Amino acid sequence: MLLEPGKTSYIRIVLLLCSYVLGVKSCVLFGNAISENRPQEKGAAEIKWLEYVSLIMQKIFILCREPLALIGDTLEMWLNLLSANGGSFSMLILTILRGKLVWPDRSSATFTSIVGNLDNRVELQKNIKHGKETYSTSYLAFMATKLSYENEAFIRNVVKNSWKMDFLGFFNFYNEYLDEPSTPCFMLRESASDPNLVVVSFRGTNPFDANSWRTNFDISWYELEGIGKIHRGFMKALGLTKHGWSEQIERGIDKRYAYHSIRYSLREALHKNHDAKFILTGHGLGGALALLFVFVLVFHDEDWLLMKLEGVYTFGQPRVGDKQFGEFMKNKMNKYNVKYLRYVYCNDMFPMLPYDDANHYFKHFGPCLHFNCYYEGEIMEAEPNHNYFSLSWAVPKYLIALWEVIRSFIMPYMKGAEYKECLLMKLFRVIGLVIPGLSAHSLQDYNNSMRSGSFPLSIQLQDKVKQSARAVD
């Protein structure tokens, strides 16, 4: 089932909304925007409401792409202008009067993204360790995920000078459907661990990047025999083209596709140290790409790389396939002894999407490592509120959002100065009162959870996850 927003007009969108008021739900209004190759079921002639919403949202983001980017760029530049000139309005005015104004450089190692401004902690906490006198793999995976939102110079500086690890490269991979690079990713190697560990970190959704939001809202799916239904939007971001996964289409440095390029880089890095392992990680959209990267390795029979894969660590990851796909992936990950740790903070709305309707097109699989609003962790079969539109969770969602606003003011007194939230983050919490679960997707809460949560982050946790996964099976 493929949704093509470029094949319908804004006039048809208006007609669509009118048709809903009149109770007429015909996919004819979308012209060729929807193409399906699935068994005809009762009501199949009527497009489902979820497909309506997906197409409408994609059209909105196409329309708002440039204004949204302008707002994001302006806000980002303003935040960096403040931080580069004393960190306050008064200091900014003073530096202007002195003629010492520092203008931020977007490509510099000090320029911070909007996501980074919400939570500027980039240092690794050395007390979060496991048996080999190194950082917990889960914690390292999260910090790499957090770092992925920054520019190349910033990432290189932190990895090499702060973390004392090897920077292997930063990439922004091409998406043929969007006709531009839209999948940022970077790689590092932790040489101090034994064996060496290579980390592949996919960037999640940039708040002001319309293309990222289009990828999230594109609920088109492919169904593969014996495998199940897979989210098409995420697969396109990984490098799936109109001609499949053929390596011949990988042409030129400006049109490198994610899957083939990362696979090549992994082979090169792992062949230099035969005992080395690698992990995949990501936040939100990035988590979906990390998980589906494993599927594409399986699809291409990459046994050697799969044997080198230590685990997949995702944070606030949306659903990527149906129940059949989940069973397929569980079997394959068990076969290659790949750990899958899916972290979810409280009412984060992204793991509840795409909407899990009666057709079960999208379902999570494996246990959920869930943190509540007090940063207390528990391994569950599924997050408590797995449906964002659940009426039974309507009131609790708003109460938790209110508590998160209050907590943003008292957290430093409860946990220490490093948990102090900036004004921008507090404002984001207020937005969470209007759209519960939106601010809960922030890296601030996942960072706090990983640093202070009661969840054990050791190898014993990973063993417990395996036992839980077997129990779920």
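The values are calculated or read from the model by the stated rules, or taken from the named source; none is laboratory data. Keep in mind the model is a prediction, meaning the values are calculated, not measured. All Cβ positions, glycine included, derive from the backbone under ideal geometry; neighbour counts span all protein chains shown. Heads up: the accessible areas ignore ligands, DNA and RNA and are worked out on the full protein's heavy atoms, side chains in. Shrake-Rupley method; radii C 1.70, N 1.55, O 1.52, S 1.80 Å.
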>> For the range 158-171, give me each residue that is surrounded by fewer than 17 Cβ atoms within 10 Å (Cβ to Cβ) and out of contact with any Phe, Trp or Tyr (no Cβ under 8 Å at 6 or more places or on another chain).
In response: 161, 162, 164, 166
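Sort out for me the strands (runs of 3 or more DSSP E) sitting completely within the range 166-241 that have 3 or more residues that are within 14 Å of the chain's Cα centre (by Cα) and within 15 Å of residue 286 (Cα to Cα). I'd like the intermediate steps shown before the answer.
Values: elements: 166-175, 180-190, 197-202, 221-224, 228-231.
Output list reads 180-190, 197-202.
Consider the range 292-332. How many of its residues are open to solvent by 10 Å² or more (accessible area, probe 1.4 Å) and either closer than 30 Å to residue 436 by Cα or out of contact with any Asp or Glu (no Cβ under 8 Å at 6 or more places or on another chain) (or both)? Working first, answer last.
Going residue by residue through the range 292-332, those that are open to solvent by 10 Å² or more (accessible area, probe 1.4 Å) are 298-304, 307-308, 310, 322-324, 327-328, 330-332.
Now drop any that are not either closer than 30 Å to residue 436 by Cα or out of contact with any Asp or Glu (no Cβ under 8 Å at 6 or more places or on another chain) (or both), which leaves 298-304, 307-308, 310, 322-324, 327-328, 331-332.
Matching residues across the range 292-332 total 17.
So which helices (runs of 4 or more DSSP H) stay within the range 276-346 end to end and still have 2 or more residues that are of a type in the set (Val, Ile, Thr)? Talk me through it step by step, then tell me what you get.
On the way: elements: 285-299, 303-308, 323-335.
Answer list for the range 276-346: 285-299.
If the requirement is being closer than 22 Å to residue 177 by Cα, open to solvent by 10 Å² or more (accessible area, probe 1.4 Å) and of a type in the set (Gly, Ala, Ser), which of these qualifies: 239, 244?
On the way: 239 fails: open to solvent by 10 Å² or more (accessible area, probe 1.4 Å).
Step by step, each of 239, 244 is checked, and only 244 is closer than 22 Å to residue 177 by Cα, open to solvent by 10 Å² or more (accessible area, probe 1.4 Å) and of a type in the set (Gly, Ala, Ser).
For the range 342-362, which positions are at pLDDT 90 or above and not β-branched (Val, Ile, Thr)?
We begin by selecting, within the range 342-362, every residue at pLDDT 90 or above; these are 342-351.
Once the filter is applied, which keeps residues that are at pLDDT 90 or above and not β-branched (Val, Ile, Thr), the range 342-362 yields 342, 343, 345, 346, 347, 348, 349, 350, 351.
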> Restricting the first residue to the range 221-243 and requiring it to be β-branched (Val, Ile, Thr), which pairs with a second residue that is surrounded by 19 or more Cβ atoms within 10 Å (Cβ to Cβ) and not in a helix (DSSP H, G or I) meet a Cβ separation below 7 Å and a spacing of at least six or different chains?
Replying inline: 230/221; 230/320; 230/321
> Which of the residues that make up the range 137-153 are open to solvent by less than 10 Å² (accessible area, probe 1.4 Å), among the hydroxyl-bearing types (Ser, Thr, Tyr) and at pLDDT 95 or above?
Replying inline: 145, 148
> Identify, please: which residue in the range 425-473 is at pLDDT 90 or above and charged (D, E, K, R) and is, among those, farthest from residue 344 (Cα to Cα)?
Replying inline: 426
>> From the list 372, 387, 448, exactly one residue is in contact with a helix residue (DSSP H, G or I) (Cβ under 7 Å, 6 or more places away or on another chain) and either over 30 Å from residue 232 (Cα atoms) or open to solvent by less than 10 Å² (accessible area, probe 1.4 Å) (or both). Which is it?
In response: 448
>> Considering only residues that are buried (at least 18 other Cβ atoms within 10 Å of the Cβ) and either modelled with pLDDT under 90 or out of contact with any Leu (no Cβ under 8 Å at 6 or more places or on another chain) (or both), which ones fall in the range 93-117?
In response: 111, 113, 116
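Taking residue 241 as the residue in question, decide whether it is among the hydroxyl-bearing types (Ser, Thr, Tyr) and more than 25 Å from residue 150 (Cβ to Cβ).
Details: among the hydroxyl-bearing types (Ser, Thr, Tyr): yes; more than 25 Å from residue 150 (Cβ to Cβ): yes.
Judged against the criteria, residue 241 is a match.
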